[in-house]
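Single-structure report; data block below.
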Amino acid sequence: MSSGKFPLVKWEDQNRINQFSKLSTRMDRLEDEYKAQKTEKEYLDDLAMEIELLDEDEAVPYKIGDAFVMLTLEAAQERVEKDKTAIDVQVEDLDSQISQVSSEMEELKKMLYAKFGQAINLEKN
């Protein structure tokens, strides 16, 4: 039975709403991580250009975790390239996860809007 103009929320519907909420939270985390990785990649690109301007005999302070380690120019360049490659892999993985979560959310949106129409809001504010 429906109460007035709002459809009755069944157990399956509530599960879909809960799943959508979980996916939305996960999407927010993935997008934040994606932005952070892209920013880190930009920093590494800038660092690679700065390192190219240094003398070959100069030691380069390179941050690993919370500490700085002095590396040779060549070692610093190799480390930057290794870190950039690792970030590229992470960005690709995050992009894949974002696409998967997005498609799951779209499916749930279709089902929930089909049943609840204007009575439910699944859009971000």
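The values are calculated or read from the model by the stated rules, or taken from the named source; none is laboratory data. Predicted, not measured: the structure shown is a model, and the values here were computed from it. Every residue, glycine as well, gets a Cβ built from its backbone with ideal geometry; the counts of neighbours run over all protein chains shown. Note: areas computed on protein heavy atoms with side chains; ligands, DNA, RNA excluded. Shrake-Rupley method; radii C 1.70, N 1.55, O 1.52, S 1.80 Å.
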- [ ] Determine which single condition R79 fails, assuming it passes every other condition in (1) more than 30 Å from P7 (Cα to Cα); (2) loosely packed, with under 12 Cβ neighbours inside 10 Å.
- [x] (2)
Task: Close pairs from segment 24-52: first in contact (Cβ under 8 Å) with a residue 40 or more places away in the chain and over 14 Å from V80 (Cα atoms), partner polar (S, T, N, Q) and open to solvent by less than 50 Å² (accessible area, probe 1.4 Å), Cβ under 6 Å, at least 6 apart - done: L30/Q97
Open item on the list: If I ask for residues that are open to solvent by less than 50 Å² (accessible area, probe 1.4 Å) and in contact with a Leu (Cβ under 9 Å, 6 or more places away or on another chain), which ones from segment 19-71 would you list?
Closed with: F20, L23, S24, L30, Q37, I51, V60, Y62
Task: Filter result for E123 (closer than 30 Å to L8 by Cα and open to solvent by 60 Å² or more (accessible area, probe 1.4 Å)) - done: yes
- [ ] Give segment 59-104 a look and list any residue that's charged (D, E, K, R) and closer than 16 Å to E31 by Cβ, or say none.
- [x] E92, D93, D95, E104
Task: The listed residue being under 25 Å from E12 (Cα atoms), at pLDDT below 90, part of a helix (DSSP H, G or I) and open to solvent by 80 Å² or more (accessible area, probe 1.4 Å), out of Q118, Q100 - done: Q118
